[in-house]
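**Student:** Quick one: the structure is below, questions incoming.
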Amino acid sequence: MKSVDFKSISFDDYFAEKMKEEEFRKMWEDFQPEYQVMKTIANAREKRNLTQKQLADISGIRQSEISKLESGIRNPSIKILKKLAEAMDMNLLIDFVPKEK
């Protein structure tokens, strides 16, 4: 694997180049649902100005589990997502959208 000097290239430029590689692009696209779940949980928690510990106390889900969800180590069940949404006074929305062609 080739080393990259990030002092001479921005992450966005590097990412754009990597996305031209079919294997990388496929891997990235396959990971998107998990990434969106991780990002959505963390963003919702931060929007409510809650620490992981505070969310754990409100939701009854251990802080270590919330950390695993936000870092992608563990995938949440619908039941867990519903508990997190309720604890943050939010609605859970799951949607299927057409693929971009």
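FYI, it's all coordinate maths here, none of it is from the lab. For clarity, every value in this text was computed on a predicted model and none was experimentally measured. With ideal geometry, Cβ positions are generated from the backbone for all residues, glycine too; neighbour counts draw on all protein chains shown.
**Student:** When the dipole is taken about the Cα centre of segment 5-48, and only Lys, Arg (+1) and Asp, Glu (-1) are charged at their Cβ, what size is it in debye, to the nearest 20? Display every interim value, and only then the final one.
**Tutor:** Details: 9 positive and 11 negative charges, 87 e Å.
Approximately 420 debye in magnitude.
**Student:** Would you compute, for the Cα atoms of segment 32-92, the largest minus smallest coordinate along each principal axis and list the three values in descending order, in whole Å?
**Tutor:** Extents along the principal axes, in whole Å: 27, 23, 21.
**Student:** If you don't mind, another one. Within 13 Å, Cβ to Cβ, of M27, how many net charges do the neighbouring residues add up to if Lys/Arg are +1 and Asp/Glu are -1? Before the final figure, lay out each step's value.
**Tutor:** Details: positive: K18, R25, K26; negative: E21, E22, E23, E29, D30, E34.
Here the charged neighbours net out to -3.
**Student:** As a test of the formula, what do you get for the chain when each DSSP H run with n ≥ 4 contributes -39,500 (n - 2.57) and the sum is divided by the residue count, at 222 nm and rounded to the nearest 500 deg cm²/dmol?
**Tutor:** One gets -19000 deg cm²/dmol as the mean residue ellipticity at 222 nm.
**Student:** Right, another one. Tally Lys and Arg at +1 and Asp and Glu at -1 over the other residues with C-beta under 12 Å from the C-beta of A87: what net charge comes out?
**Tutor:** Once all neighbours under 12 Å are counted, the net charge is +1.
**Student:** Using the crude model of +1 on Lys and Arg Cβ and -1 on Asp and Glu Cβ, and no other charge, please compute the dipole size for the chain relative to its Cα centre, in debye to 20. Mind dumping the intermediate values first?
**Tutor:** On the way: 19 positive and 18 negative charges, 77 e Å.
Dipole about the Cα centre, nearest 20: 360 debye.
**Student:** Within a Cβ distance under 12 Å of L69, other residues only, what is the Lys/Arg minus Asp/Glu net charge?
**Tutor:** Charge balance in the 12 Å sphere: +3.
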